[in-house]
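Following: one structure in structure tokens, then a few remarks.
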Amino acid sequence: MERKPRLLIAISLVMLLIAACKKTEDLPDLTSNNVASTSSEAAVTGNVTYTLVKSANPTSTEQAAYTLITAAMDSAVWYMNHYTTFTKALTVTYVPSVSTADGNINGSIRFGSNTYYMNLATALHEIAHTVGVGTSSVWWNTLIVSGVYTGSYATQKLRTLTGNATAVLYGDSQHFWPFGLNYPTEVTSVYDYIYHCEILEAMQLDGL
């Protein structure tokens with residue numbers, strides 16, 4: 001008589017495992033900068049594009065950098081276009097003298113020679129600068145007050161994502177946290193990329 005309950009429990013566990021695997025398959029692979037076009041059913045809602053400026057006759061070092069930057073930017077644009085409604089045309093360059101990477105509200109992104117920063121997290125972080133994080137007057141004068149982000153939409157989004165009804169977004173003249181992707185080491189799962197984009201989308205509603 002004990003076999004049937006055990007069998008039902010075993011079947012239930014298998015079904016839960018299959019459901020969990022399917023959920024994971026719907027998301028991009030954290031271990032790769034590349035994002036397969038079939039990795040998620042999320043609709044395309046944004047229109048973020050980029051052009052990588054290349055040397056006419058690149059050196060081996062430049063070509064290696066272009067390969068890494070392209071993978072990072074392809075994935076970053078994928079996330080922005082599936083989880084935000086931003087429209088932005090970006091111009092990306094490889095500038096060895098840049099210490100890490102930087103982004104400007106005029107749409108320019110520069111990657112330096114340190115290949116550690118040629119990754120998805122950094123690319124998304126710099127795109128955030130191009131849409132106003134740390135680069136717009138509304139960021140400096142309205143949204144960040146005494147180190148705290150004051151916009152209601154992004155604050156509520158953070159609270160919804162974390163399940164913490166009192167969670168607060170913090171920021172300075174250039175960055176925000178949590179989920180600001182200020183360092184590549186902050187990333188622990190693909191949800192960090194998604195939450196970053198969803199918070200950016202909420203910031204847009206706040207006037208970013």
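Residue by residue through the stretch 110-162, note down the ones that are of a type in the set (Gly, Ala, Ser) and under 17 Å from Tyr79 (Cα atoms). Don't jump to the end; show me each part of the working.
So in the stretch 110-162, the residues of a type in the set (Gly, Ala, Ser) come out as 112-113, 121, 123, 128, 132, 134, 136-137, 146-147, 151-152, 154.
Scanning the stretch 110-162 gives Ala121, Ala123, Ala128.
Which residue is farthest from His196 (Cα to Cα), if the candidates are limited to the stretch 87-134 and must be polar (S, T, N, Q) and touching a Lys or Arg at 6+ places or on another chain (Cβ under 8 Å)?
Going residue by residue through the stretch 87-134, those that are polar (S, T, N, Q) are 87, 91, 93, 97, 99-100, 104, 106, 108, 113-115, 119, 122, 130.
Narrowing the set further to residues that are touching a Lys or Arg at 6+ places or on another chain (Cβ under 8 Å) leaves 93, 130.
Values: Thr93: 23, Thr130: 14 Å.
If we take residues in the stretch 87-134 being polar (S, T, N, Q) and touching a Lys or Arg at 6+ places or on another chain (Cβ under 8 Å), then Thr93 is farthest from His196 (Cα to Cα).
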Hey, does the stretch 108-115 have a residue that's basic (Lys, Arg), crowded, with 23+ Cβ neighbours inside 10 Å and touching an Asp or Glu at 6+ places or on another chain (Cβ under 8 Å)? no
Residue that is farthest from Phe111 (Cα to Cα) [pool: residues in the stretch 68-86 that are among the aliphatic types (A, V, I, L, M) and within 10 Å of the chain's Cα centre (by Cα)]: Met80
Residue ID - surrounded by the fewest Cβ atoms within 10 Å (Cβ to Cβ), chosen from residues in the stretch 171-189 that are modelled with pLDDT of 95 or more and not in a loop (DSSP other than H, G, I, E, B): Trp177
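Could you say whether any residue in the stretch 112-130 is β-branched (Val, Ile, Thr) and under 17 Å from Gly171 (Cα atoms)? Explain how you work it out, then say what you get.
Taking the stretch 112-130 as the starting set, the residues that turn out to be β-branched (Val, Ile, Thr) are 115, 122, 127, 130.
If we keep only those that are under 17 Å from Gly171 (Cα atoms) too, we end up with 127, 130.
Yes, the conditions are met somewhere in the stretch 112-130.
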Condition met for Ser146 (within 28 Å of Thr91 (Cβ to Cβ) and without any contact (Cβ under 8 Å) to a residue 12 or more places away in the chain): no
Answer residue from the stretch 159-191, given it is of a type in the set (A, V, I, L, M) and in contact with a helix residue (DSSP H, G or I) (Cβ under 8 Å, 6 or more places away or on another chain) and is nearest to Asp102 (Cα to Cα) among those: Leu181
Counting only residues that are closer than 23 Å to Val190 by Cα and modelled with pLDDT under 95, give me the strands (runs of 3 or more DSSP E) lying completely in the stretch 55-170 with at least 3 of them. none
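The values are calculated or read from the model by the stated rules, or taken from the named source; none is laboratory data. This structure is a prediction, so every number in the text was calculated from the model and none was measured. FYI the Cβ positions are ideal-geometry reconstructions off the backbone, even for glycines, and counts take in every protein chain you see.
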